[in-house]
Amino acid sequence: MYQNYTTMETALTLQLDFTIPNDHEARLISRFVDSIPSEMLLEETSHTGRPASHPAMMLKMCLFAYSRSTFSGRKIQQMNEESIPMKWLTGDSSVCYKTINNFRSSEHDSNLIKYSFLLFTNLLSDNGLIQKDALYIDGTKLQTDANIYSFTWKKAIDRYEENLNKKVAHLYEELVQLNVDIALKLLTLYFLDIGK
């Protein structure tokens with residue numbers, strides 16, 4: 001069972017200062033997450049107790065925070081309290097950092113975030129927000145003895161797109177998941193120190 005969650009687009013807003021420009025990246029993130037099929041997004045939850053936060057809202061929070069290089073659960077919570085685009089994405093819901101960390105550390109949701117990262121990269125490329133060239137220029141390796149064989153060319157990328165997607169997933173592990181793991185480890189150490 002999940003809490004009810006609707007975006008600000010479908011609700012009558014009383015606070016008009018929560019509007020964001022039509023071309024803001026938060027709107028793109030919202031449309032992207034809303035396009036994910038519910039059978040992929042949702043998992044079976046308990047039917048007793050307090051309803052869980054909706055995975056769509058949590059995924060939107062994480063993607064927006066990661067786009068701002070924010071990986072700590074507490075900083076994401078603070079961003080949700082202070083940032084108008086984040087408030088718009090969450091429908092001005094209050095979310096505790098423990099809820100954010102529990103969402104990111106569960107196996108289903110961690111895989112969902114990783115898969116979304118891959119799809120989101122393709123979506124940005126399709127909408128012209130990042131150049132398709134950027135997907136292969138970042139893979140260029142220049143050596144001191146640079147020649148035409150040390151470059152990664154676009155034709156090779158077209159041929160090996162599946163390998164490129166694996167590299168993007170690996171890049172996610174390097175850039176995003178590593179920072180998330182560090183933030184969660186620091187949180188665990190903090191609570192272990194308090195318990196002593």
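Just so it is clear, none of the values below were taken in a lab; they were calculated from the coordinates. Model, not experiment: these values are computed from the prediction. So basically every Cβ, Gly included, is an ideal-geometry build from the backbone, and we count neighbours across all protein chains shown.
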In the structure displayed, which of Lys87/Lys167; Lys75/Lys114; Lys60/Lys98; Lys60/Lys166; Lys87/Lys166 lie more than 27 Å apart, Cα to Cα?
Lys87/Lys167; Lys87/Lys166
Using the per-residue mean of other Cβ atoms lying within 10 Å as a proxy for protection, in what order, highest first, do the peptides 92-101, 62-71 fall?
62-71, 92-101
